[in-house]
Amino acid sequence: LRDNRIELVRASWHELSISVSDVSLSDEGQYTCSLFTMPVKTSKAFLTVLGVPEKPQITGFTSPVMEGERMQLTCKTSGSKPAADIRWFKNDKEVKDVKYLKEEDANRKTFTVSSTLDFLADRSDDGAVVSCRVDHESLNSTPQIAMQVLEIHYTPLVKIISSNSWPEEGQSIILTCESKGKPVPEPVLWTKDGGELPDPERMVVNGRVLSISFLNKTDNGTYRCEAKNPIGRNSTEYVLIVHDVFNTLLPTTVIPSLTTATVTTTVALTASTTTSATATSIRDPNALSGQIGPDHALIGGIVAVVVFVTLCSIILLGRYLARHKGTYLTNEAKGAEDAPDADTAIINAEGSQVNAEEKKEYFI
């Protein structure tokens with residue numbers, strides 16, 4: 001071995017050691033150690049030299065990129081032996097759907113490896129960090145990494161936030177127009193029902209904020225917020241409905257109250273009879289104050305009283321008719337059943353005396 005990079009480290013009857021500095025691919029091959037005895041004894045070893053990959057580079061990125069455009073980023077590294085492995089990451093999350101290409105270098109010993117990441121630009125990718133990592137056994141578990149920060153331009157995204165979800169007459173409301181875009185959107189434009197704001201004194205615009213004081217029913221309508229940047233414009237709407245204060249249900253304290261009702265019912269029979277009934281009911285203390293509805297307990301009580309009075313009247317009438325029912329005869333008529341004439345009937349009457357001398361009365 002005749003090379004200035006090779007040095008003799010140890011030489012004895014038992015050991016011969018050499019060192020090779022600044023190792024190159026040309027140092028790869030078979031090395032032989034010989035012991036000049038009779039016969040000569042030799043020992044051989046094959047030295048493999050790894051090709052360290054160069055630091056990777058990302059190409060294909062032009063800044064800025066418009067939302068919706070297709071992006072093709074290529075990561076490339078040369079001089080690896082054996083061929084290096086390339087992996088893609090977006091914000092520390094690995095991307096699997098990539099293309100991998102391996103080519104042999106001119107020296108036919110090392111390789112050039114490239115990988116392509118193909119995707120559509122989205123506003124969510126703005127500011128994302130895309131990294132290309134090269135892994136190889138010669139790097140001692142310390143991969144080489146190339147990074148690229150994405151810049152995506154997109155139209156504004158607009159949203160209106162209201163400070164009052166139930167606006168009422170006399171109150172105030174603040175509408176905030178949030179607009180996010182790249183480049184940063186210009187000051188927003190507020191309109192109502194397709195035209196300018198009708199009352200600048202009460203409707204004050206400060207940047208992206210619209211403040212309306214002393215609300216009334218004339219403020220009802222559709223409010224539009226529009227934002228634009230060099231890429232485009234976007235808008236959103238908010239429908240304002242001012243509610244009547246009197247239609248708002250406020251919490252009240254319920255106080256139980258006592259209600260007395262007097263009902264008079266008249267039942268006409270042979271003789272006029274009048275019966276009065278008084279029904280008393282207590283209002284449900286759990287009912288809402290001011291609630292108006294039928295009192296079923298009171299109605300039931302009234303019906304019961306009417307039925308009771310009617311039944312009593314019918315019973316009394318029946319007893320009266322039963323006591324006076326029948327045929328009644330005078331003393332003179334009691335003996336007229338078998339008498340042929342009136343004189344005989346008088347003579348045969350109960351308690352009469354045939355030969356009586358008192359004066360007799362005759363009925364014709």
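Here, each number is a calculation from the coordinates, and none is a lab measurement. None of the values given here were measured: they were computed from a predicted structure. With ideal geometry, Cβ positions are generated from the backbone for all residues, glycine too; neighbour counts draw on all protein chains shown.
Using 0.36 nm per residue of separation minus the Cα-Cα distance, give me the extension gain between Ser63 and Ser26 in nm, one decimal. The partial results should precede the final answer.
Numbers: separation 37, 0.36 × 37 = 13.32 nm, distance 4.26 nm.
Residue separation times 0.36 nm, minus the Cα-Cα distance, leaves 9.1 nm.
For Ser12 paired with Cys33, estimate the spin-label separation in nm (one decimal), with each label point 7 Å from Cα along the Cα-to-Cβ line.
Computed distance between label sites Ser12 and Cys33 equals 1.3 nm.
Could you grab the relative contact order for the stretch 107-253? Cα pairs under 8 Å, six or more apart, rounded to a whole percent.
On the way: 268 pairs, mean separation 32.0, N = 147.
It rounds to 22 percent for the stretch 107-253.
Which whole number in µm²/s is D for the stretch 57-150 by Stokes-Einstein, with the Kirkwood Rh taken over Cα pairs at 25 °C and 0.890 mPa s?
On the way: Rh = 14.0 Å.
Approximately 175 µm²/s, per Stokes-Einstein.
For the stretch 1-46, which chymotrypsin sites (Phe, Trp or Tyr not before Pro) pass both filters: DSSP loop (anything but H, G, I, E, B) and at most 11 other C-beta atoms within 10 Å? Could you put the intermediate results ahead of the total?
Numbers: sites: Trp13, Tyr31, Phe36, Phe46; in loops: Trp13, Phe36.
The qualifying sites are Trp13, Phe36.
Percent relative contact order of the stretch 1-134, based on C-alpha pairs within less than 8 angstrom and at least six residues apart? Don't jump to the answer; show the numbers that get you there.
Working: 238 pairs, mean separation 27.1, N = 134.
Over the stretch 1-134, the number comes to 20 percent.
How long are the three semi-axes of the equivalent ellipsoid for the stretch 31-188, computed from the Cα gyration tensor as the root of 5 times each eigenvalue, in whole Å, largest first?
Numbers: eigenvalues 713, 51, 19 Å².
Ellipsoid semi-axes (Å, largest first): 60, 16, 10.
For Thr142 and Arg319, compute 0.36 nm times the residue count separating them, minus their Cα-Cα distance, and round to one decimal in nm. Can you show the working numbers first?
On the way: separation 177, 0.36 × 177 = 63.72 nm, distance 12.01 nm.
Full extension from Thr142 to Arg319 adds 51.7 nm.
If I model a spin label as a point 7 Å beyond the Cα along the Cα-Cβ vector, how far apart are those points for Glu196 and Ser19 in nm?
Placing both labels 7 Å along Cα→Cβ, they lie 8.8 nm apart.
If I model the stretch 155-240 as equal point scatterers sitting on the Cα atoms and use the Debye formula, what is log10 I(q)/I(0) at q = 0.25 Å⁻¹?
Each listed q maps to, in turn, -1.24.
Step by step: find N for the stretch 117-194, compute 2.2 N^0.38 Å, then divide the Cα radius of gyration by it. What's the final number? Provide the component values of the computation, followed by the final result.
Details: Rg = 22.8 Å, N = 78, 2.2 N^0.38 = 11.5 Å.
Its radius of gyration relative to the 2.2 N^0.38 Å reference: 1.98.
Given Cα positions, please report Rg to Rh for the stretch 1-56, the hydrodynamic radius being the Kirkwood one.
Numbers: Rg = 14.6 Å, Rh = 13.5 Å.
Checking Rg against Rh, the ratio lands at 1.08.
Taking Cα pairs under 8 Å and at least six residues apart, what relative contact order does the stretch 155-240 come out at, in percent?
Working: 189 pairs, mean separation 32.1, N = 86.
Normalised by residue count, the contact order of the stretch 155-240 is 37 percent.
Among 159-167, 129-137, 232-240, how do they line up from the highest to the lowest mean number of other beta-carbon atoms within 10 Å? Kindly include the intermediate steps, with their values, before the conclusion.
Working: 159-167: 13.0, 129-137: 18.9, 232-240: 14.9.
Packing proxy ranking, top to bottom: 129-137, 232-240, 159-167.
With θ set to phi - 60° and the Karplus curve 6.51 cos²θ - 1.76 cosθ + 1.60, what are the ³J(HN,Hα) couplings of the stretch 156-161 in order, to the nearest whole Hz, using x for Gly and Pro?
x, 10, 10, 8, 9, 10
Find, among the trypsin sites (Lys or Arg not before Pro) in the stretch 1-97, those assigned to loop by DSSP (not H, G, I, E, B) with at most 15 other beta-carbon atoms within 10 angstrom.
Numbers: sites: Arg2, Arg5, Arg10, Lys41, Lys44, Arg70, Lys76, Arg87, Lys90, Lys93, Lys96; in loops: Arg2, Arg5, Lys96.
For trypsin sites (Lys or Arg not before Pro) across the stretch 1-97 that sit outside H, G, I, E and B with at most 15 neighbouring Cβ atoms in 10 Å, the list reads Arg2, Arg5, Lys96.
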